[in-house]
Amino acid sequence: MPAAAQSHYKQFMPNASALDPAVTSAAVPAAGGMVLGLIAGGGSLPEQLAAHCRAAGQTVLVAALTGFTEPAWVEGYTHRWFRLGEAAELVAWLKSAGAGEVCMLGPVRRPSLAELAPTAATAALALKLGYAAALGDDNLLGLLGRHLESEGLALRGAHTLYPALLAAPGPVTRALPDAGAWSDITRAAEVVRALGALDVGQGAVVQQGLVLAVEAIEGTDAMLGRVGALARAGEGGVLVKLRKPQQDPRLDLPTIGPATVEAALAAGLRGIAIEAGGALLAERQALLERADAAGFFITVLEKNWGLKIPHRPWWKRLLRHP
């Protein structure tokens, strides 16, 4: 690691490892060998988790979501397809099929009520959840999680079943953030924490001290899709993704994967920062290979990083002071 980069890491993350240490890939055994019910959204992570848990000896049931779950991989598992409007039936099936614990994993676009087309049983559940559902994704997910638990199903976070999805604080790529990138990371972290407190989004892009975009209901990839047209000349911006402060870590942790890196590169960014214990790495090896090939940095911030960094006026950020 170059001396300048070492100095920046010592200043901004004094407790971080010099390199991302190997993280055990062994699953944490389920209590009593419980059958896992996996409510699978989109992306590659549900398939990764299912394969890992099966290899660790756990039986996996897949509740596949129409329009979101990739169809090919679920054929190898006991599974059933559900519309989002069949949430009550989904829970009933998991219980009847013998699931003792449940993990919800993978992105799902929040539908309108017209798109939801709930069954009678799900409509009754929606009435129970409706008020909080209008207030934001975290409130809705939290109530869904509590409903699962009220039905006798233990709620598990993906990272507790597959710890290697997380990364330790420090750099995970060969490329490292310089002083300018650290300044942008600091600014973006401030913005994301403010968004998270309002239950709005988990990501923001900052370039040269300027906020180019914030994540809302459209998700990270769509946000990155509009960043390219907003980018300034000079050093590229950075994406910061953080867990919302009030968020249950068992639900909807921020995730990055090879597709995130591709979208960030297309938008002209030079790096991504996530938080230790608060974000998942999908297809880790492919993710790191793509980032290293492009000279793109990915760094993992210490938990609650930035909360103790003294506030600096905007004009000092523009002057690029670290």
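Just give me the residues in the range 192-226 being among the β-branched types (V, I, T) and modelled with pLDDT under 95, in sequence order. Those that are among the β-branched types (V, I, T) and modelled with pLDDT under 95: V192, V200, I217, T220. Exactly one residue out of A259, A279, A264 is open to solvent by less than 10 Å² (accessible area, probe 1.4 Å), more than 16 Å from A164 (Cβ to Cβ), among the aliphatic types (A, V, I, L, M) and touching a residue at least 12 places away in the same chain (Cβ under 8 Å), and it is A264.
For D292, the conditions (1) crowded, with 19+ Cβ neighbours inside 10 Å; (2) within 17 Å of P177 (Cα to Cα); (3) at pLDDT 95 or above are fulfilled apart from (1). I want to confirm something. Restricting to the range 106-132 and keeping residues that are open to solvent by less than 40 Å² (accessible area, probe 1.4 Å) and of a type outside the set (S, T, Y), which single residue is modelled with the lowest pLDDT? So, considering only residues that are open to solvent by less than 40 Å² (accessible area, probe 1.4 Å) and of a type outside the set (S, T, Y), the one modelled with the lowest pLDDT is A132. Could you please tell me which pairs satisfy a Cβ distance under 6 Å, a separation of 6+ or placement on different chains, a first residue in the range 67-86 that is at pLDDT 95 or above, and a second residue that is assigned to a loop (DSSP other than H, G, I, E, B)? So the pair list comes out as W81/T66. Here the range 212-248 is the region considered, the condition is being outside any strand (DSSP E or B) and in contact with a Ser or Thr (Cβ under 9 Å, 6 or more places away or on another chain), and the residue that is surrounded by the fewest Cβ atoms within 10 Å (Cβ to Cβ) is D221.
The values are calculated or read from the model by the stated rules, or taken from the named source; none is laboratory data. Everything quoted here is computed from the prediction, not taken from an experiment. Here the Cβ is made from the backbone with ideal geometry for all residues, glycine too, and neighbour counts use every protein chain on show. Note: areas computed on protein heavy atoms with side chains; ligands, DNA, RNA excluded. Shrake-Rupley method; radii C 1.70, N 1.55, O 1.52, S 1.80 Å.
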